[in-house]
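Only the coordinates and a few stated rules stand behind these numbers; no lab work does. The shown structure was predicted, so the numbers you read here are calculated from the model rather than taken from an experiment. As a convention, Cβ positions derive from the backbone with ideal geometry for all residues, glycine included, and neighbour counts pool all protein chains shown.
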Amino acid sequence: MRVGIVSGHNIPEITEGFEEISVETRFGKIDLLIGEYRNKEVVFLNRHQGRLPPHRINYLANVEAMKLSKVDSIFSFGTVGSLNPNIRPGFLVIPDDFIDFTKNRRYSFFDDSRTHIDMSDPFCPYLRKVLIDTCKELEVDFCDRGVYLSTEGPRLETKAEIRLFSNYADIVGMTLVPEVVLAREKEMCYGAICLVCNMASGIQGSLSAEEIKRFFNEKKKIVSDILGLAISKIEDKRDCRCREALKEARL
Ligand code: HPA
């Protein structure tokens, strides 16, 4: 079993001493860090590869590189804004569903066959449980469910968009989709944990990228603590169906 972490930020507390490797995929070359953490083999991927904004991330290459590196379980981390007045900055959210408002990405590995994976439960229930148990143990403020709405970016949202989105979703970010979908297409378990850095633009007034970054830097220790403990808890045996996602997906 190899555990993957896909994050928008480097997490040196976990990857210290890891080896840098490059993986050639059909979609491009991806740089990863690989090593051992708390007796688990871990592969770390910075989804931005150091420079790419959300709308230009090579999601296909990222997920394929994880699969080629024998990763079978992915913990994903990203920052988000909150649309829900009960979910305040500093909260961690473990989403249980998503809405896709992206516009111009590649969404599937299956361009030449009619393959339709089931998304009625997009996040692995086992990895969600590991993340929930971890947050309870660390006594952090967290929400054990939430709908993540993914925008295309890179711009932040308008007030009218936030009014619309807040009827249907709890948090807003730019990078979860199509990553979560592609992981399922590769039959990998995928669970996400999101750090709320701000109330969404239309709710808190103006919003700057610098503010999001400043907030993340203040809170990043808790993120590495959660991911570190979650890695130590994960076991190979599980009762989810992620590993057979393609079984009934083909027409
Ligand atoms: N919107 C989109 N992405 C984000 C936000 C936001 O308010 N905060 C952090 N990432």
Along the dipole axis of the range 8-57 (charges at Cβ: +1 for Lys and Arg, -1 for Asp and Glu; origin at the Cα centre), the most positive-end residue among Tyr37, Ile14, His48 is His48
Ordered by fewest other Cβ atoms within 10 Å, a rough proxy for footprinting exposure, Met174, Met119 read Met119, Met174
Phi-derived 3J(HN,Hα) across the range 186-203 with the Karplus relation (6.51, -1.76, 1.60, θ = phi - 60°), rounded Hz, x for Gly and Pro, is 8, 6, 9, 6, 9, x, 10, 10, 10, 9, 6, 9, 6, 7, 4, 3, x, 8
Treating only Lys and Arg (+1) and Asp and Glu (-1) as charged, each at its beta carbon, one finds that the range 47-164 has a dipole about its Cα centre, in Debye to the nearest 20, of 500 debye
Shape call for the range 1-145, from the Cα gyration tensor axes a ≥ b ≥ c (a/c under 1.5 means rounded, otherwise prolate when a/b beats b/c, else oblate), comes out oblate
Classified through the alpha carbon gyration tensor (a ≥ b ≥ c as square roots of its eigenvalues; rounded if a/c is under 1.5, else prolate when a/b is larger than b/c, else oblate), the range 98-220 comes out oblate
The size of the Cβ-based charge dipole (Lys, Arg +1; Asp, Glu -1) of the range 98-199 about the Cα centre, to the nearest 20 debye, is 280 debye
From the Cα centre of the range 203-235 to that of the range 96-159, the distance in Å is 16 Å
For the chain, whose charge dipole is built from +1 on Lys and Arg Cβ atoms and -1 on Asp and Glu Cβ atoms, the candidate among Ala160, Leu182, Ser76 with its Cα farthest towards the positive end is Ala160
For the chain, whose charge dipole is built from +1 on Lys and Arg Cβ atoms and -1 on Asp and Glu Cβ atoms, the candidate among Thr25, Phe101, Val223 with its Cα farthest towards the positive end is Phe101
With +1 on the Cβ of every Lys and Arg and -1 on the Cβ of every Asp and Glu, the dipole magnitude of the range 169-251 about its Cα centre, in debye rounded to the nearest 20, is 160 debye
quick note, the range 1-110, DSSP beta bridge pairs, % antiparallel (nearest 5) is 50 percent
Percent antiparallel among DSSP beta bridges confined to the chain, nearest 5, equals 35 percent
Ranked from fewest to most other Cβ atoms within 10 Å of their own Cβ, Phe91, Phe27 fall in the order Phe27, Phe91
With only helices counted (DSSP H, runs n ≥ 4, each -39500 (n - 2.57)), the per-residue ellipticity at 222 nm for the chain, to the nearest 500, works out to -8500 deg cm²/dmol
Bridge orientation stat for the range 67-199 from DSSP, antiparallel percent rounded to 5, came to 15 percent
For the chain, averaging the sequence separation of alpha carbon pairs under 8 Å that lie six or more residues apart and dividing by its residue count, the contact order in percent is 27 percent
The value for the range 37-117 (convex hull of the alpha-carbon atoms, volume per residue, Å³) is 169 Å³
Under the rule rounded for a/c under 1.5, else prolate if a/b exceeds b/c, else oblate, using alpha carbon gyration tensor axes a ≥ b ≥ c, the chain is classed as rounded
Going from the fewest other Cβ atoms within 10 Å to the most, one would list Leu68, Leu60, Leu195 as Leu68, Leu60, Leu195
For the range 176-251, the Kirkwood Rh over every pair of distinct alpha carbons, in Å, works out to 15.6 Å
At the level of C-alpha centres, the distance separating the range 17-38 and the range 71-94, in angstrom, is 25 Å
